[in-house]
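Engineer: Can you keep this structure in mind? I'll have questions shortly.
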Amino acid sequence: MKQSINDKTIKELEDIFLEKGYQKFRAKQVFRQIHVNKVNDFSQMTDLSKDMRESLSNEFEIDKVSLLKTFESKIDSTKKYLFELKDGNIIEAVFMDYKDRKTICISSQVGCRMGCTFCASTKNGLERHMTASELIEEVYTLERLNGDINNIVIMGIGEPLDNYKNITKFLEIITDENGRNLSHRSITLSTSGLTPKIYDLADSGLDINLAVSLHYATDEKRKKYMPVAKKYDIKGLIKATDYYLDKTKRRVSFEYVVIDGVNNLDSDIDNLKKLLMGKNIHINLIPLNPIEEFKHGKTTNKIINDFKEKLTRNGLNATVRYSMGQDIDASCGQLRNNYAR
Ligand code: SAH
């Protein structure tokens, strides 16, 4: 089996190359071709001899991510993509161009095993993790289509901390200053709340931004909609985010999908105050994107703004994340599911 090449640091490549009898300096050359020039085909690495290109392609590979379908919004610049992986699996990614900041939202797994009742991505369970090689190609494919991007949010299909090894490898490579050199602070990872992995991420030195999908302010409610809450309670989760802030100096944000009549009650505000008051955090309110399997309607602007006002009046720092590309709809997972149907 060929080993992947685009998920290796220069040092790792040097060791592999030396072992295989290539000259050491070739490692840096190949690394730059992949991560600076974004070449994903050995035949295009024209600074290498033809022989070397050929033997590299016999021994190494890049897990390609190919464009299957593009959905372009007519009301803003958002584009959503279906990508096909080498084994035929399908994932989604989003490109947003907002106030001169190009942001991409990427998937981290094929499917998801977290089972949140309101989320389309998890409806058919987890198919498999995405490889680090695929995660890197996911970003570069989006950049080949749209030019260099400024921000990455890992909020597409999948639970990134459930794919911890590949995600951290991907982050290490994409922030490498000899290659793509994305800044750590331009990357945000969203988790449904795998508490032990939040500690690991804090200790990893990667220092990216962390978003936590809280959505409900009591364990009782959270357990009803998010199975992960049965394993990790809110108190322990918040403690892990305190540790994250302390260690990385990055303010953690809490995502809160507002579901009218379910989690926007006065008691929810009281409970949120108990949990978060006085902490250096931020609450991101998200309108519910209705999915077939979850019987609640779209959150109106009025409902979400009222809730935001109340939180603010109560001293909690909250903003609304308006969904882009409303007309191409589909909260993550829906495009893939529809395509499969
Ligand atoms: N698994 C990670 C990241 C992917 S989801 C996580 O749970 O954080 C990105 C965000 O979209 C999460 O906050 C998730 O709860 C939210 N989300 C899921 N389904 C949604 C829906 N139907 N409407 C609005 N937001 C949704």
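Engineer: Mind listing whichever residues of region 292-328 are more than 18 Å from V262 (Cβ to Cβ), within 15 Å of the ligand (Cβ to nearest atom) and in contact with a helix residue (DSSP H, G or I) (Cβ under 9 Å, 6 or more places away or on another chain)?
Structural biologist: T319, Y322, I328, listed by residue number.
Engineer: Same structure, new question: Does K50 qualify as being surrounded by fewer than 16 Cβ atoms within 10 Å (Cβ to Cβ) and touching a Phe, Trp or Tyr at 6+ places or on another chain (Cβ under 7 Å)?
Structural biologist: No; evaluated as a whole, the condition is false for this residue.
Engineer: Right, next: Just one of (1) surrounded by fewer than 14 Cβ atoms within 10 Å (Cβ to Cβ); (2) part of a loop (DSSP other than H, G, I, E, B) trips up Y22, so point out which.
Structural biologist: Unmet condition: (1).
Engineer: Ok, one more. Would it be correct to say that Y244 is farther than 19 Å from G315 by Cβ, at pLDDT 95 or above and more than 14 Å from the ligand (Cβ to nearest atom)?
Structural biologist: Against the criterion (farther than 19 Å from G315 by Cβ, at pLDDT 95 or above and more than 14 Å from the ligand (Cβ to nearest atom)), Y244 qualifies.
Engineer: So, one more: Among V153, V139, which is the only one that is within 28 Å of K231 (Cβ to Cβ), surrounded by 18 or more Cβ atoms within 10 Å (Cβ to Cβ), aliphatic (A, V, I, L, M) and within 14 Å of the chain's Cα centre (by Cα)?
Structural biologist: Residue meeting the stated conditions: V153.
Engineer: For region 93-121, name all the residues that are near the ligand (Cβ under 10 Å from one of its atoms), surrounded by fewer than 23 Cβ atoms within 10 Å (Cβ to Cβ) and among the polar types (S, T, N, Q).
Structural biologist: The answer is T117, and nothing else.
Engineer: Now a separate question. Looking at T312, is it of a type outside the set (D, E, K, R) and outside any loop (DSSP other than H, G, I, E, B)?
Structural biologist: Taking the combined requirement at face value, the residue satisfies it.
Engineer: Considering every residue within region 169-183, establish whether at least one is among the polar types (S, T, N, Q) and within 13 Å of the ligand (Cβ to nearest atom).
Structural biologist: No, there is no match, as no residue in region 169-183 is among the polar types (S, T, N, Q) and within 13 Å of the ligand (Cβ to nearest atom).
Engineer: Could you tell me whether region 53-60 includes any residue that is at pLDDT below 95, aliphatic (A, V, I, L, M) and either within 16 Å of the ligand (Cβ to nearest atom) or over 23 Å from N337 (Cβ atoms) (or both)?
Structural biologist: No, that holds for no residue.
Engineer: Could you list, in sequence order, the residues of region 102-143 that are more than 11 Å from K64 (Cα to Cα) and acidic (D, E)?
Structural biologist: E127, E143 - these are the residues of region 102-143 that are more than 11 Å from K64 (Cα to Cα) and acidic (D, E).
Engineer: Every residue in region 174-190 that is small (G, A, S) and farther than 14 Å from I104 by Cα, please.
Structural biologist: G179, S183
Engineer: Checking N151 against (1) polar (S, T, N, Q); (2) within 30 Å of K235 (Cα to Cα); (3) within 16 Å of the ligand (Cβ to nearest atom), which single condition isn't satisfied?
Structural biologist: In the conditions (1) polar (S, T, N, Q); (2) within 30 Å of K235 (Cα to Cα); (3) within 16 Å of the ligand (Cβ to nearest atom), N151 misses (2) alone.
Engineer: Next up: Please work out if I304 is of a type outside the set (S, T, N, Q), closer than 18 Å to G115 by Cα, in contact (Cβ under 8 Å) with a residue 12 or more places away in the chain and surrounded by 12 or more Cβ atoms within 10 Å (Cβ to Cβ).
Structural biologist: Details: of a type outside the set (S, T, N, Q): yes; closer than 18 Å to G115 by Cα: no; in contact (Cβ under 8 Å) with a residue 12 or more places away in the chain: yes; surrounded by 12 or more Cβ atoms within 10 Å (Cβ to Cβ): yes.
Criteria not met by I304.
Engineer: Now for a separate question. Would you mind telling me which numbered condition in (1) within 13 Å of the ligand (Cβ to nearest atom); (2) small (G, A, S); (3) in contact with a strand residue (DSSP E or B) (Cβ under 9 Å, 6 or more places away or on another chain) G125 fails?
Structural biologist: The one condition G125 does not meet is (1).
Engineer: Hey, could you check region 227-275 for residues that are farther than 19 Å from A202 by Cβ and of a type in the set (S, T, N, Q) and say which is surrounded by the most Cβ atoms within 10 Å (Cβ to Cβ)?
Structural biologist: The extreme case among them is N263.
Engineer: On the basis of being within 13 Å of the ligand (Cβ to nearest atom), part of a helix (DSSP H, G or I), modelled with pLDDT of 95 or more and among the aliphatic types (A, V, I, L, M), does L145 make the cut?
Structural biologist: No, not satisfied.
Engineer: Under 7 Å by Cβ, and 6 or more places apart or on different chains, what pairs join a residue from region 112-136 that is on the phi > 0 side of the Ramachandran plot with one that is within 15 Å of the ligand (Cβ to nearest atom) and among the charged types (D, E, K, R)?
Structural biologist: Partner pairs satisfying both residue conditions: G125/R113.
Engineer: Continuing with the same structure: Which pairs do you get when a residue that is free of Cβ contacts under 8 Å to residues at least 40 places away in the same chain, found in region 184-206, comes within reach of a residue that is of a type in the set (S, T, Y), reach meaning Cβ atoms under 6 angstrom, with the pair 6+ apart or on two chains?
Structural biologist: H184/T175; K197/Y164; S204/T168
Engineer: Follow-up question, since we're still on this one. Out of all the residues in region 217-241, which are within 14 Å of the ligand (Cβ to nearest atom), of a type outside the set (A, V, I, L, M, F, W, C) and either closer than 22 Å to N280 by Cβ or touching a Gly at 6+ places or on another chain (Cβ under 6 Å) (or both)?
Structural biologist: P227, Y232, T241
Engineer: Does R185 meet the test of being buried (at least 21 other Cβ atoms within 10 Å of the Cβ) and of a type in the set (K, R)? Steps first, please.
Structural biologist: Numbers: buried (at least 21 other Cβ atoms within 10 Å of the Cβ): no; of a type in the set (K, R): yes.
No.
The values are calculated or read from the model by the stated rules, or taken from the named source; none is laboratory data. Only a predicted model underlies this, so the values are computations on that prediction, with no experimental measurement involved. Reconstructed Cβ throughout: ideal geometry from the backbone, glycine too, with neighbour counts over all protein chains shown.
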